[in-house]
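One structure is given below, encoded as structure tokens.
Please treat every number below as a calculation from the coordinates, not as lab data. In this text the structure is predicted, and so the values were computed from the model without any measurement. Reconstructed Cβ throughout: ideal geometry from the backbone, glycine too, with neighbour counts over all protein chains shown.
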Amino acid sequence: MKELIKKIKSDQNLSQGAEAYLFSISKEKTFSKGEVLIRQGENVNKIYFVTDGCIRSYCIDKNGKEHTLQFAIKNWWISDYIAIHNDESATLTVECLKESSVIEFNAKELNKMFALFPEYEYFQRKLLERHVVSLHKRILNQLQLTASERYDLFLKQYPDIEQHARNYHIASYLGITQESLSRIRVEKSKK
Amino acid sequence: MKALQITKYGDIKDSLVFNEVNKPTIQANDVLIEVKAAAINPIDKSIILGNLQGLIPIPFPSTSAYDVSGIIVEKGAEVNNFEIGDLVYSRVPQEQMGTIAEYVAVTSMAVSKKPGNISFEEAASLPLAGLTALQSLAHVGIKENDVVLIHAGSGGVGSFAIQYAKAKGAYVYTTTSTTNVEWVKALGADQVIDYKKEDYKTIVKNADIVFDTLGKNYTSEAFEVIKKGGKIVSVVGPLDEESAKMFGMADYKLPEELAKLVDAKEASYKFIFMHPNGAHLGEIKSMVEDEKIKPIIDKVYPFSESVEAFAHLATGRAKGKIVIKIN
């Protein structure tokens, strides 16, 4: 929690009251590998800030296949924002790929922060901007880069991920088949 | 709920009927699966024809088939390894047979989460054939560089066994007919023997393991191709004495001819009767997710055409598994 407060304070001042409120609405939790934080189809009202570990969000299509949306490592936020924003049941499953520590927030209580502590709004807006930038980059990369280039960027972004993520997690994140991922890896190992 | 039921022993078209039946109720250790897909196997056909009524008698009517994939919608009080909403697959135990239905109750011990990278249809195709191959080859301790002969490489069990043996690093011989040679090679077999053109006994020498999926003369012939001290594992040949004891036949002796062959080659002979096992399905899940094993489907039928699916199975010409999409 201290790390998160430090991170917020690096962007702007946080009043003592806001800091106390953040403490009061958060819970530090540790989940083991394979534990599910949000399950597709169930109600969702939690947002997680990852302090350690690796967490994956994915959707399951009507045929039962998984498609990875996001990997969250240290200092990343993860939840099902579609469900929270639309106030509907979860469209994603959020699962730990290794033992992970998080700070868990109730989404509604976190939203109250805006009214109670206007200074927090700046942090939240910056956070949202970074999130939009990350999504835009992901879409543009998908549109204009080769699978091999996308894989290179992915490894830069998540240097240790291959220790925890299965091949099909990564392949589905990159939007390629597992065969293509294997081929790309073989080609890279030859260079 | 709707279910495809066996109403009597006999011809497939005369014995299978769609019935409206009660949704199954679960026991403390069961999960209730909303069925997405079921798969059919030769044993399902044999049960309908009445060929197994001595070994596996069934009450009438009984819902057909064992292989299933779907979503857990209810769980018993003592189930703590699954949650409602989990996507799972299973080869259900005999007493819970009946996967060609909208719901099936299954003991959680026989269930595993399905592989995440394949569809419900593909997942349903794996359990029975996969468990048969895994339990057979694991029993004989297949390992890197073992030379193994797998009969009938294009069958449901054979095609899985080839991939499993290759994943373990073995050198794989397999037999198949001319039309399937290339297809079986693509599964990873090192040497494919076209039994219509070649005699496998002149090609395979000193094998460490023979996986006998054909029985009859193939069981005794296996001793001609194994090395001294080799291992034969069969899913269709005569029972071995240990397996016979499990079936309550304490005085059973291995047929004399077979016993002599075992002695002469200082070999081991083991009959494997596949048993439902969720942990083994978990191993298969990992191997599928790592693409060491790929499900092979011949055709997917809609629920309403389940009887046609059985007619296709009866031709014996399917390459890979026959799956029924339930929901």
Could you tell me whether residue B:117 is in a loop (DSSP other than H, G, I, E, B) and either among the hydroxyl-bearing types (Ser, Thr, Tyr) or farther than 24 Å from residue A:169 by Cβ (or both)?
-> no
Taking helices (runs of 4 or more DSSP H) that fall entirely within the stretch A:101-191, which contain at least 3 residues that are basic (Lys, Arg)?
-> A:118-144, A:178-190
Among residues of the stretch B:288-309, those that are under 28 Å from residue B:219 (Cβ atoms) and not in a strand (DSSP E or B), counted = 2
Members of the stretch B:150-181 that are in a loop (DSSP other than H, G, I, E, B) and either in contact with a His (Cβ under 7 Å, 6 or more places away or on another chain) or of a type in the set (A, V, I, L, M) (or both) | B:152, B:170
Complete set of residues in the stretch B:113-147 that are among the small types (Gly, Ala, Ser) and crowded, with 24+ Cβ neighbours inside 10 Å = B:123, B:124, B:125, B:129, B:130, B:133, B:136
The stretch A:24-36 - residue that is surrounded by 13 or more Cβ atoms within 10 Å (Cβ to Cβ) and either among the hydrophobic types (A, V, I, L, M, F, W, C) or not in a strand (DSSP E or B) (or both) and, of those, farthest from the chain's Cα centre (by Cα) = A:25
Could you list, in sequence order, the residues of the stretch A:150-181 that are more than 20 Å from residue B:119 (Cβ to Cβ), within 14 Å of chain B (Cβ to nearest Cβ) and surrounded by fewer than 17 Cβ atoms within 10 Å (Cβ to Cβ)?
-> A:162
Flagged in the stretch B:159-182 as out of contact with any helix residue (DSSP H, G or I) (no Cβ under 9 Å at 6 or more places or on another chain) and either in contact (Cβ under 8 Å) with a residue 60 or more places away in the chain or not polar (S, T, N, Q) (or both), in numbering order, are B:166, B:169, B:180, B:181, B:182
Do we have residue B:232 as of a type in the set (A, V, I, L, M) and closer than 13 Å to residue B:268 by Cα here?
-> yes
If you scan the stretch A:61-74, which residues turn out to be within 13 Å of chain B (Cβ to nearest Cβ), surrounded by 20 or more Cβ atoms within 10 Å (Cβ to Cβ) and either in contact with a strand residue (DSSP E or B) (Cβ under 6 Å, 6 or more places away or on another chain) or under 13 Å from residue A:94 (Cα atoms) (or both)?
-> A:64, A:66, A:68
Inside the stretch B:182-227, can you point out the residues that are part of a loop (DSSP other than H, G, I, E, B) and within 26 Å of residue B:269 (Cβ to Cβ)?
-> B:189, B:190, B:195, B:198, B:199, B:204, B:205, B:206, B:213, B:214, B:215, B:216
Are any of the residues in the stretch B:249-265 in a helix (DSSP H, G or I), of a type outside the set (Gly, Ala, Ser), touching a Lys or Arg at 6+ places or on another chain (Cβ under 7 Å) and surrounded by fewer than 20 Cβ atoms within 10 Å (Cβ to Cβ)?
-> no
Check the stretch B:298-312 and report whether any residue there is surrounded by 14 or more Cβ atoms within 10 Å (Cβ to Cβ), within 14 Å of another protein chain (Cβ to nearest Cβ) and within 19 Å of the chain's Cα centre (by Cα).
-> yes
Mind listing whichever residues of the stretch A:47-60 are touching a helix residue (DSSP H, G or I) at 6+ places or on another chain (Cβ under 7 Å) and either surrounded by fewer than 20 Cβ atoms within 10 Å (Cβ to Cβ) or polar (S, T, N, Q) (or both)?
-> A:51
Those residues of the stretch A:39-54 which are within 14 Å of another protein chain (Cβ to nearest Cβ) and in contact with a Phe, Trp or Tyr (Cβ under 6 Å, 6 or more places away or on another chain), in sequence order | none
